[in-house]
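Enquirer: Next up is a structure, given as structure tokens.
The values are calculated or read from the model by the stated rules, or taken from the named source; none is laboratory data. Computed from a predicted structure; not experimentally measured. All Cβ positions, glycine included, derive from the backbone under ideal geometry; neighbour counts span all protein chains shown. Side chains are part of the model used for accessible areas, which takes the heavy atoms of the whole protein and leaves out ligands, DNA and RNA. Shrake-Rupley method; radii C 1.70, N 1.55, O 1.52, S 1.80 Å.
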Amino acid sequence: MKLAKKILACVIALALTACLGVVAFAADAPSVILDGKYDDSTKTLTVTMSLDKAKGHQTATLLVGFNDKEVEFVSAEEAGDNNVAGLATDGKNLSGASMTSKEFKDDVLAIATYTLKVKDGVNKVTLTVNDESVVDDTIKVANAGKSFVFSTEKATTEVTSVAPTTKAPTAPETTTKKPDTIKKTGDAGIAVIAGVSALAAVAFVVTKKK
């Protein structure tokens, strides 16, 4: 019986280690960066696609979806010799890829710059990181499914001045307010945490038995 308990304890310990490793690994996964600049004179949006936390990896295959009712693909320019970029065959995604024989040396890796023609009447452009964007062929980027919204409206330069008002000082608050919102961790993280909690409960019951 004692031997069985020891074996079960080892199995639980290994499972806990694996679960915690998955949580840490997901948090450290690379993510896609999109920087955009709109030119009102040409009605074009220029977007630079980069990979964050690229250092230490060897390949990146990225896809960013766009709405063809908002923009039209014009061109793509690779940011380096080892990069490939353009329009995906489905006609709905900007594609960008990079590969090295060893490892990426920079933490932020620029992949390509895209030019998109903004259609008449569109005041914002939404680009979404495709779920098929991966690093090293198997690691899904951390922000898969995230949308980036770029405004095409002219920035206003009008400044209005308001007379300053004086306000009577108030006593500092002595109570601690709980945060209104809880940061979302994602379905995968929640599932892993639930598994860790269940394993911890089993371990507690086993160790309490004589």
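Enquirer: Just give me the residues in segment 76-94 being open to solvent by 40 Å² or more (accessible area, probe 1.4 Å), out of contact with any Ser or Thr (no Cβ under 6 Å at 6 or more places or on another chain) and of a type outside the set (Ser, Thr, Tyr), in sequence order.
Expert: Selection gives GLU78, ALA79, ASP81, VAL84, LEU87, ASP90, LYS92.
Enquirer: For LYS102, indicate whether it is of a type in the set (D, E, K, R) and closer than 16 Å to VAL149 by Cα. It would help to see each step written out before you state the result.
Expert: Details: of a type in the set (D, E, K, R): yes; closer than 16 Å to VAL149 by Cα: no.
No; evaluated as a whole, the condition is false for this residue.
Enquirer: Look at segment 91-129 and say how many of its residues are in contact (Cβ under 8 Å) with a residue 60 or more places away in the chain, closer than 22 Å to LYS69 by Cα and within 17 Å of the chain's Cα centre (by Cα).
Expert: Here the count works out to 4.
Enquirer: Based on what the data block shows, is GLY86 over 27 Å from ASP28 (Cα atoms) and in a strand (DSSP E or B)?
Expert: Against the criterion (over 27 Å from ASP28 (Cα atoms) and in a strand (DSSP E or B)), GLY86 qualifies.
Enquirer: If you don't mind, there's one more thing I want to ask. For segment 58-74, give me the residue count where each residue is farther than 18 Å from THR126 by Cα, open to solvent by 50 Å² or more (accessible area, probe 1.4 Å) and not in a loop (DSSP other than H, G, I, E, B).
Expert: Count: 1.
Enquirer: Filter segment 55-101 for residues that are aromatic (Phe, Trp, Tyr) and within 20 Å of ASP131 (Cβ to Cβ) and give the result.
Expert: Step one: of segment 55-101, the residues aromatic (Phe, Trp, Tyr) are 66, 73.
The one that is aromatic (Phe, Trp, Tyr) and within 20 Å of ASP131 (Cβ to Cβ): PHE66.
Enquirer: If you scan segment 95-147, which residues turn out to be among the small types (Gly, Ala, Ser) and open to solvent by less than 50 Å² (accessible area, probe 1.4 Å)?
Expert: Across segment 95-147, the qualifying residues are SER95, GLY96, ALA97, SER98, ALA110, ALA112, SER133, ALA144, GLY145.
Enquirer: Something else about it: Go through segment 31-57 and report how many residues are basic (Lys, Arg) and assigned to a strand (DSSP E or B).
Expert: Qualifying residue count for the region: 1.
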